[in-house]
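The values are calculated or read from the model by the stated rules, or taken from the named source; none is laboratory data. The model shown is predicted, which means the values in this text are computed figures rather than measured ones. Quick reminder, even Gly has a Cβ in these numbers, built from the backbone with ideal geometry, and neighbours come from all protein chains shown. Surface accessibility is based on the protein's heavy atoms, side chains included, excluding ligands, DNA and RNA. Shrake-Rupley method; radii C 1.70, N 1.55, O 1.52, S 1.80 Å.
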Amino acid sequence: MRVRLPLGLAIAGALALAACGDRQAGSAPAAQTEPVEDTHTVPSEAAAAQLEDGSAPVEAPLTGDAATTMLTQLAGLGGAMHAAVELCDPNIPADQLAQAKTRQQQEFVKMGGDAAMFDREFASAHDKVRAQYDSATPAQQQQMCAELESMASSAPAPATE
């Protein structure tokens with residue numbers, strides 16, 4: 001029996017990074033476009049209202065059941081990946097992992113979640129991955145770590161601020 005949860009979460013993480021990361025130049029043919037000066041766009045009513053009153057767009061937190069589900073999944077993904085890194089790459093210092101968790105929690109709260117929910121979901125997923133890893137055979141553990149390493153090496157670099 002293969003252990004799939006860490007792989008599935010790692011794939012989800014890689015997909016999230018790919019969606020947020022920079023695109024490689026030349027990876028797709030460029031679409032023929034007109035010069036910017038020749039492009040005419042009309043702002044939406046909301047955008048036009050913001051332009052008229054001079055206010056900057058506001059990043060609103062996510063709300064509703066779908067947002068709660070997404071936030072829960074993000075916190076769980078963070079916990080699962082944290083456990084996978086702890087298990088598969090023990091050379092990563094604990095303080096570096098703690099800093100990463102703190103940044104994830106801060107972003108989680110900015111998106112509309114609360115710190116207690118983050119901690120609960122993070123810990124739950126972290127513990128599940130650890131339990132699965134601990135119950136796997138040494139060969140399965142090696143395979144899990146090899147798949148994680150493979151995905152990490154093929155994922156695009158995260159965007160820098």
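Residue 77 fails exactly one of the following numbered conditions: (1) modelled with pLDDT of 90 or more; (2) part of a loop (DSSP other than H, G, I, E, B). What is the number of that condition?
Evaluating residue 77 over (1) modelled with pLDDT of 90 or more; (2) part of a loop (DSSP other than H, G, I, E, B) leaves (2) as the failure.
Can we say residue 116 is of a type in the set (Gly, Ala, Ser) and free of Cβ contacts under 8 Å to residues at least 12 places away in the same chain?
yes
If you scan the stretch 119-133, which residues turn out to be under 12 Å from residue 88 (Cα atoms) and either at pLDDT below 85 or charged (D, E, K, R) (or both)?
Answer for the stretch 119-133, where residues must be under 12 Å from residue 88 (Cα atoms) and either at pLDDT below 85 or charged (D, E, K, R) (or both): just 130.
Considering the stretch 80-107 alone, what residues qualify as being under 18 Å from residue 149 (Cβ atoms) and either among the aliphatic types (A, V, I, L, M) or in contact with a His (Cβ under 9 Å, 6 or more places away or on another chain) (or both)?
Scanning the stretch 80-107 gives 80, 81, 82, 83, 84, 85, 86, 87, 92, 97, 100.
Filter the stretch 91-105 down to residues that are farther than 17 Å from residue 153 by Cα and part of a loop (DSSP other than H, G, I, E, B), then give me how many there are.
Of the residues in that region, 1 qualify.
One line per residue, one yes/no per condition, for (1) at negative phi; (2) open to solvent by 80 Å² or more (accessible area, probe 1.4 Å); (3) of a type in the set (D, E, K, R); (4) part of a helix (DSSP H, G or I):
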position	(1), (2), (3), (4)
107	yes, yes, yes, yes
121	yes, no, yes, yes
124	yes, no, no, yes
129	yes, no, no, yes
133	yes, no, no, yes
144	yes, no, no, yes
152	yes, no, no, yes
156	yes, no, no, no
